[in-house]
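The values are calculated or read from the model by the stated rules, or taken from the named source; none is laboratory data. Just so it is clear, the model here is predicted, and its values are computed rather than measured. Backbone-built Cβ (ideal geometry, glycine too); neighbour counts: all protein chains shown.
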Amino acid sequence: MTGQGSSKKSGAKSNDKGRSDLVVVANRLPVDFTTDEDGHVEWHRSPGGLVTALEPVTREAEGAWVGWSGAPDVEHEPFEADGMLLVPVTLSRSDIERYYEGFANDTLWPLYHDVISPPTYHRQWWDAYRRVNRRFAEAAAAQAAPGAVVWVHDYQLQLVPAMLRELRPDLRIGFFDHIPFPAVELFQQLPWRTQIVEGMLGADLIGFQRGGDASNFVRSVRRLTKHTTRGPIITVADADGKPGRHVRAAAFPISIDSQHFDELARTPEVQARAKEIRADLGNPKVMMLGVDRLDYTKGIRHRIKAYGELLQDGRLDVEHCTLVQVASPSRENVGAYQDLREHVEGLVGRINGEFGELGHSAIHYLHHSYPAEEMAALYLAADVMLVTSLRDGMNLVAKEYIAARSDEQGVLVLSEFTGAADELAPGPLLVNPHDIDGMKDIIVTAARMEPREQRRRMRRLRRKVMADDVAKWSQSFLGVLTAMPPRTSHV
Ligand code: F6P
């Protein structure tokens, strides 16, 4: 869906619906904005996983979604899209550099992913993070009806719960961390570790992908604050050190719209496209697939290295086997991402140069994003799906692959270091991506797996993924949050 016009000055549709009983707060709005040469702003829906998860509940509650437009300096009145009120938060170029590219994606992201890349600690970035978090909190506070539920998302907005509670003690506040929460031994590197923990503790309920993330958080609370903990319950001490309200920290593993992917992959168009993809690749015996944002956490280099060595060793050959690697562009202004792109593209070039033949590329490298239909066709075409993240909160690609395979064929190779591995084992072939020799053996096992064994594993995986979908995830989080005792002081 696309919307037109509406920069602030050109007369945007304004919020004529009053305040909302459910407010979602996330770094990005579920739409992307573009500005043409005349300064007219256009928006297009950007259907990511979070949108799929939250759109139905938000729409049903006539709720609002507070977030950034994805472009610098866009000032826009709240507007309606698909039954939700979208409330844009403006970020300047400097906010984007310091808050989004800096603190969120060059400090927190690497730190929370076990310092795979060294985090950068800059005080100016921290100041911008606090400033922008306050802007989000104020926008949410202005939008929420008395006693409303506000659901804040992810590492970009960890200070929002406490800021919001200060502004609006009447609200019920939930926070969900979509990425891993690190061990306290790593987390304590962060100069502002205590402020972050206190920020999150503004929520009544804090959700994580894995039980391990929730216990890492609770350990950080114990180590870094004066609050007390008992299992998943944290008793927050007030200013005088007296025990006050309770906060719950627990795992709510996120999922996908499984039925949608399943149905998409059954359509004749997608099935035909899958055949066409295989034909375009020269109908290899084994098509392997990697689908990732081009991010150093995804283990793309490790995967390609293992694959290259298998060609070198002669255990795989380009006549019968090919690897398709989709690497969608991401955070391209951040140095570590630029370095990764250079590395990956250099590696792909070397392997293709060395092992490719006319009509048989070793690796088909695609630095693009694709619509869901094309993704479903790729999943359906692939005999082996390689998910080899070095650290990953969940990894929804693994679940999409499973949902697309109603034919009960295909093998999922899955890193032990994903949230998905906690949930899906023993269906996938689990790998440690740091162990290149081990990963090579697993890739060969996957490439040779008999259809019967593929079916046995895929059936088990599908039972799980089709039952535990994203609607169940949001219902279960909101169910726990709304069952908590209501706040008393209304503004
Ligand atoms: O995994 C965390 C996450 O923020 C997702 O919610 C999002 O899809 C992805 O990273 C990309 O983030 P962005 O392009 O907004 O930096």
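Restricted to segment 57-132, the set of strands (runs of 3 or more DSSP E) holding at least 2 residues that are under 25 Å from F477 (Cβ atoms) and under 23 Å from the mean Cα position of the chain (by Cα) comprises 64-68, 84-89. Can you confirm whether L430 is part of a strand (DSSP E or B) and under 17 Å from P253 (Cβ atoms)? The answer is yes for L430. Looking only at segment 383-425, residues that are more than 16 Å from P180 (Cβ to Cβ), in a loop (DSSP other than H, G, I, E, B) and out of contact with any helix residue (DSSP H, G or I) (no Cβ under 8 Å at 6 or more places or on another chain) come to 1 in all. Of the numbered criteria (1) crowded, with 21+ Cβ neighbours inside 10 Å; (2) under 17 Å from A128 (Cβ atoms); (3) charged (D, E, K, R), the one E55 fails is (2). Any residue at all in segment 358-379 that is in contact with a His (Cβ under 9 Å, 6 or more places away or on another chain), under 28 Å from G70 (Cβ atoms) and at pLDDT below 95? For segment 358-379, residues in contact with a His (Cβ under 9 Å, 6 or more places away or on another chain), under 28 Å from G70 (Cβ atoms) and at pLDDT below 95: present. Of all the listed residues (H302, H343, H260), the sole one being within 29 Å of D154 (Cβ to Cβ), under 25 Å from the mean Cα position of the chain (by Cα) and either surrounded by 22 or more Cβ atoms within 10 Å (Cβ to Cβ) or at pLDDT below 95 (or both) is H260. Taking the conditions (1) more than 14 Å from the ligand (Cβ to nearest atom); (2) among the hydrophobic types (A, V, I, L, M, F, W, C); (3) in contact with a strand residue (DSSP E or B) (Cβ under 7 Å, 6 or more places away or on another chain) in turn, A137 satisfies each one other than (3). Restricted to helices (runs of 4 or more DSSP H) entirely inside segment 147-241, those with at least 1 residues that are in the same structural domain as N105 (by TED's automatic domain parsing) and touching an Asp or Glu at 6+ places or on another chain (Cβ under 7 Å) are 160-167, 184-187, 211-224.
For segment 463-470, the criterion of being closer than 21 Å to Y307 by Cβ, surrounded by 16 or more Cβ atoms within 10 Å (Cβ to Cβ) and of a type outside the set (V, I, T) is met by no residue. Checking each residue in segment 172-188 for being away from the ligand (no atom under 14 Å from the Cβ) and either polar (S, T, N, Q) or farther than 12 Å from F217 by Cβ (or both) picks out R172, I173, G174, E185, L186, Q188. Any residue in segment 279-297 that is within 16 Å of the ligand (Cβ to nearest atom), in a strand (DSSP E or B), surrounded by 21 or more Cβ atoms within 10 Å (Cβ to Cβ) and not hydroxyl-bearing (S, T, Y)? Yes, segment 279-297 contains a residue that is within 16 Å of the ligand (Cβ to nearest atom), in a strand (DSSP E or B), surrounded by 21 or more Cβ atoms within 10 Å (Cβ to Cβ) and not hydroxyl-bearing (S, T, Y). When we screen L378, L347 for residues that are more than 16 Å from the ligand (Cβ to nearest atom), touching a Gly at 6+ places or on another chain (Cβ under 9 Å) and either in the same structural domain as A446 (by TED's automatic domain parsing) or aromatic (F, W, Y) (or both), the only hit is L347.
Every condition in (1) touching an Asp or Glu at 6+ places or on another chain (Cβ under 9 Å); (2) crowded, with 20+ Cβ neighbours inside 10 Å holds for Q312 except the one numbered (2). With respect to K17, determine if the residue is charged (D, E, K, R), out of contact with any Ser or Thr (no Cβ under 6 Å at 6 or more places or on another chain), over 30 Å from G479 (Cβ atoms) and at pLDDT below 70. Against the criterion (charged (D, E, K, R), out of contact with any Ser or Thr (no Cβ under 6 Å at 6 or more places or on another chain), over 30 Å from G479 (Cβ atoms) and at pLDDT below 70), K17 does not qualify. No other residue among W192, W151 is within 23 Å of N216 (Cβ to Cβ) and surrounded by fewer than 22 Cβ atoms within 10 Å (Cβ to Cβ) apart from W192. The C-beta contact set for segment 58-80 (first residue surrounded by fewer than 19 Cβ atoms within 10 Å (Cβ to Cβ), second residue small (G, A, S) and modelled with pLDDT of 90 or more, distance under 7 angstrom, 6+ apart or interchain) comprises E62/S20; P72/S92; D73/S92.
Residue pairs whose Cβ atoms lie under 6 Å apart, separated by 6 or more positions or on different chains, with the first residue in segment 204-232 and of a type in the set (F, W, Y) and the second surrounded by 16 or more Cβ atoms within 10 Å (Cβ to Cβ) and part of a strand (DSSP E or B), are F208/A251; F217/A249.
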